[in-house]
Structures are given as structure tokens and as C-alpha cells.
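Encoded as C-alpha cells, the structure appears first; notes follow it.
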Amino acid sequence: MEINHIECFLNVAKTLNFSEAARRSYISQSMVSRYIEKLEKELDAKLFVRSNREVELTVEGKTFLPYAVQIVDNIKKAKFAVNQLQSGYEGRIKILCDFGASDFATMCIREFSKKYPGIAIEIMDLHGEDIGLSDNGCDFVFTLRDMLNDGADIDYCITHEDTLNVVCDKSINGMLENEILKQPLIILSETENPILYMEIMEIFHAKRITPKIVARPQSIEATLIALKSGIGISILPTAVAKRLDNYVESYPMTDIETSLVYAAAWNSNSANPAVKLFLEIVRKYAGGMEYGY
């Protein structure tokens, strides 16, 4: 099974058009057909149903699709890691971090990069569906403690705590807190950060206010754009709210206690020597409070 055949399959699956897949793969349309036929022969299954007007994935094709994505992604990661070693790096560490934990993670990464300049650092945004340590090959996760997956091989330490701030357009600043909370609400999607979503909804429940949700952005960047556009208010971690510019105002909740507990997690069975080195720095700033599931 050749990688160019799988990449060609992904282009066809994405476009459902053989000529467009050929353009994206920089090969002829007849070559695309040949690659798909070879792949189907190896899998002993039909991957696409073709007619004069359309192309559709078969059930077998839909089943193969996520595995094909993973194969190509793993090969790209492997090439990246090998290229780094060939470029003179002594190792590699992959870190996933959500927006609320970025200040703590930045502090650790800054010291680690200065102390071990020969170790390449890969940093990626953490999304709700990405959380894990073994499935995606990451070494460390910085996120809310309650977002971590259970597992006997996962250790973590509490890094810091944060609170929630109300964030709103300057034009409505000065209202009573309960009145502000009755304004249209921009809330980060539950799939992006289910724990944060739950904490925010608990605030409205405690105050007996039904939120008027006007937008559920899929990223913190989209949330900030919506805020700056003035279409509603939001509730965000203080560490995020303080980074906002002059377009919006933010202030802590006054009559309700909010608490967000963040953690750094790693695989206790990791064979990557860079994990131990990075962990020393994490422990230093986290105060050495170590826990395990």
C-alpha cells in the first residue's frame, strides 16, 4: 500500500471529483483512476461508486477514510521527526495546550528551550476532541484538570487556578452584573471545551437566568472576533480576558465564586527522555503538587 495511492484516495474522498483530485494530486485523471483501482485491489473492496454525474464513497470507503487520514498524518509526523534529527536536534517533544493554560505553558516552554536548545518543541492548540496522550503521540497536555482522560498510565500535577470574568462591550459596562448577564451571550462551543461550557452554564443556573445564546464559536479566536463585533457578552477565564484590547471590558464575577483548576498531564510510561527533562521544569513552577488517576 503506497502513500501516494492513499493521498490520492483522500483527495477523491474530499472532492468527490476525479478531475479535481487529479489537479490536487498533480497527476492525470487516468492516473488517479489507476491509483484507486490498485488500492481497491489491495483492500479487496470497492471504495467509490462512480456514475456519469457523481462520485460517492461506499460503506467500505467511509470505513477506510479515518484510517487513511491517520496513516498519512503519521507518515508526515515521522518525516518531521526524522528531519529534525538529521538537522542536528537531539530530541523532540510535542505539547498540546488550551488557551486558558497558555501562560503557564509558555513559562515552562521558554525555560525548557533555553536550557535544552537541542530538543525540538512542537506546540499545538488543544481542542476538545484532541485530548489524550497516546492516541496522537503528544508528550504533555496543558488543560483543565477535569478535561483529562482517565487512564492508569496518566500522571498529572496541578499547575494553577483561575477564575471567570464577564467580558462585554464598553457601551454596556456599568450595568448591574445580573443585567449584563441577560444580554445576548457568546459562549465557546461545548465540543471545544465541555468543562468551561458547563462552568459557564452553572453560573446562569445559580443566578436563575436563562442565557440568550446568540453564538457558539468553535474557537477562542472566533469568540474574540464575535466579542469585538459587539454582538453579545461572554464569560472567559481571567487569563484570557486580560489579553483583550480596548474593544472590550472585563471584570470578575462579584457575587458568585468561580474556580478553574488547570493541570499538566503526561504519560508515566513514556520512553521519550525529553519528557523527564520537561517535567522537572513543570514541577518547579507548579510547586511539586503531583497526582495520579
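Read-outs throughout are calculated quantities, based only on the coordinates presented, and are distinct from any laboratory measurement. Predicted, not measured: the structure shown is a model, and the values here were computed from it. Neighbour counts are summed over all protein chains in view; Cβ atoms, including those assigned to glycine, are modelled from backbone coordinates with ideal geometry.
Quick notes
- Placing +1 on the Cβ of every Lys and Arg and -1 on the Cβ of every Asp and Glu, with no other charges, gives the chain a dipole of roughly 920 debye about its Cα centre.
- Cα gyration tensor category, rounded, prolate or oblate, for region 164-258 with a/c compared to 1.5: rounded
- Over 31 Å (Cα to Cα) - which of K76/K114; K62/K212; K79/K284; K228/K276; K207/K284; K14/K228 fall in this group: K62/K212; K79/K284; K228/K276; K207/K284; K14/K228
- Between the helical axis of 29-43 and the longest alpha-carbon principal axis of the chain there is an angle of about 90 degrees.
- Around S25: net Lys/Arg minus Asp/Glu count, Cβ-Cβ under 12 Å: +2
- Only helices enter this figure: runs of n ≥ 4 DSSP H residues, each worth -39500 (n - 2.57), summed and divided by the residues of the chain, yield -13000 deg cm²/dmol at 222 nm to the nearest 500.
- The residue among P211, S229, N178 whose Cα reaches farthest toward the positive pole of the charge dipole of region 164-258, with charges on the beta-carbon of Lys, Arg, Asp and Glu, is S229.
- Segments 44-50, 33-39 sorted - mean Cβ within 10 Å per residue, highest first: 33-39, 44-50
- Extension gain for the segment K77 to M201, taken as residue separation times 0.36 nm less the Cα-Cα distance, is 40.8 nm to one decimal.
- Net charge of neighbours whose Cβ lies under 15 Å from the Cβ of P184, counting Lys and Arg as +1 and Asp and Glu as -1: +2
- Taking a point 7 Å out from the Cα of T191 in the direction of its Cβ, the residues of region 199-232 whose backbone N falls within less than 17 Å of it are 215-223.
- The calculated FRET efficiency for L277 paired with R243, based on their beta-carbon distance and R0 = 35 Å, is about 0.75.
- With respect to the chain, whose longest principal axis is taken over its alpha-carbon atoms, helix 273-286 is tilted by about 10°.
- Tilt relative to the chain, helix 59-86 - C-alpha long axis, 0 to 90 degrees, to 10: 80 degrees
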